[in-house]
Amino acid sequence: MNPPVWDKIKSRVVIERSVRVEQLNTDGWAMTYLLVCESSGKAALIDPVWDNLSSYESALEGLDLVYTIATHTHADHITGCFSLAEKGCEYVMHKGSPCLGVTRHVVDGDEIQLGNFALTFHHVPGHTSDSLIVEVSGHIFTGDFLFTGNRGVGRDDLLGGRIDQHWDSLAVLKRFPGDVLVCSGHDPPGTKMQSLAWNRENNPILTMTSPDQYRQWQETTSADLGSVSNIKTALPANLFAEIPENVPWLN
Ligand SMILES: [Fe+2]
């Protein structure tokens, strides 16, 4: 056997088993993830923020952006998905999403290919009825279904939210091994993402044993958070896939 050839084969296999993942937002609590299949140059964005689209351009240079994915109907910011879809990529959401402009709907268990990698979708209603986890190569992108550690989960008192559904959807996490990295949709800037095993010990929601405990946590958290400041602009924009003439937080 010729060792150099074997080494080449081994290194190719190693490269193809990993996907490049970058979190692109440098400030604010919203996370946007870029996924890149290095061998094909195909890329996907998860939860791009419309305000930040121009800042993503350098990261996307030379890549073939094929999918832009919204983990759910966002209420706190305008998604960049429909604007990116106008440039030719597919806009992916759950089949039950009320949002206009979506070009590809998925249901629980669906897979779509990103170059050499499969993106697998898991339906986790509760924060919204259309909430998804996106799974790829040792990562789960949980949107507002699950945050890191003490931050718990997203609130269930906004459009389409249901406390009992969110509690039931936590069972979906049994599908994943403990070493998957939980990449959340919101956390303070600079938060280090942690494994599911770590979250099982450090996220209070995952240590709860009864739906009543969960309901109490949700009710207290929603009362503490109060109203969502951007909802009256962001939610209609996302539902109708239209940027309003006036975006108050940009004035
Ligand atoms: Fe959300």
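Residue-wise test of (1) within 23 Å of THR73 (Cβ to Cβ); (2) surrounded by 15 or more Cβ atoms within 10 Å (Cβ to Cβ); (3) modelled with pLDDT of 95 or more.
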{"position": "GLY143", "(1), (2), (3)": "yes, yes, yes"}
{"position": "HIS166", "(1), (2), (3)": "yes, yes, yes"}
{"position": "LEU170", "(1), (2), (3)": "yes, yes, yes"}
{"position": "ASP179", "(1), (2), (3)": "no, no, yes"}
{"position": "ASN199", "(1), (2), (3)": "no, yes, yes"}
{"position": "ASN202", "(1), (2), (3)": "no, no, yes"}
{"position": "THR220", "(1), (2), (3)": "no, no, yes"}
{"position": "LEU235", "(1), (2), (3)": "yes, yes, yes"}
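Within segment 20-75, the set of residues being polar (S, T, N, Q) and farther than 22 Å from HIS123 by Cα comprises GLN23, ASN25, THR26, SER39, SER40, ASN52, SER54, SER55, SER58.
To keep it simple, each residue is scored yes or no on (1) among the β-branched types (Val, Ile, Thr); (2) touching a Phe, Trp or Tyr at 6+ places or on another chain (Cβ under 8 Å).
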| residue | (1), (2) |
| --- | --- |
| ASN25 | no, no |
| TRP29 | no, no |
| TYR33 | no, yes |
| ILE46 | yes, yes |
| VAL66 | yes, no |
| THR73 | yes, no |
| HIS77 | no, yes |
| MET93 | no, no |
| SER97 | no, no |
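Each row is one residue, and each column tells you yes or no for (1) acidic (Asp, Glu); (2) within 23 Å of ALA43 (Cβ to Cβ); (3) within 16 Å of the ligand (Cβ to nearest atom).
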{"residue": "ASP110", "(1), (2), (3)": "yes, yes, no"}
{"residue": "HIS127", "(1), (2), (3)": "no, no, yes"}
{"residue": "VAL134", "(1), (2), (3)": "no, yes, yes"}
{"residue": "LEU146", "(1), (2), (3)": "no, no, yes"}
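Within segment 112-125, being within 16 Å of the ligand (Cβ to nearest atom) and more than 16 Å from CYS99 (Cβ to Cβ) holds for one residue alone: VAL124. Within segment 31-61, the set of residues being of a type in the set (A, V, I, L, M) and surrounded by fewer than 19 Cβ atoms within 10 Å (Cβ to Cβ) comprises LEU53, ALA59, LEU60.
Can we say ASP156 is crowded, with 20+ Cβ neighbours inside 10 Å and either among the charged types (D, E, K, R) or on the phi > 0 side of the Ramachandran plot (or both)? For ASP156, the condition - crowded, with 20+ Cβ neighbours inside 10 Å and either among the charged types (D, E, K, R) or on the phi > 0 side of the Ramachandran plot (or both) - is met. Considering segment 173-199, the residues that are in a strand (DSSP E or B) and of a type in the set (A, V, I, L, M) include one that is nearest to the ligand (Cβ to nearest atom), namely VAL182.
The values are calculated or read from the model by the stated rules, or taken from the named source; none is laboratory data. Computed from a predicted structure; not experimentally measured. Because the Cβ atoms are built from the backbone with ideal geometry, glycine has one as well, and the counts that use them run over all protein chains shown.
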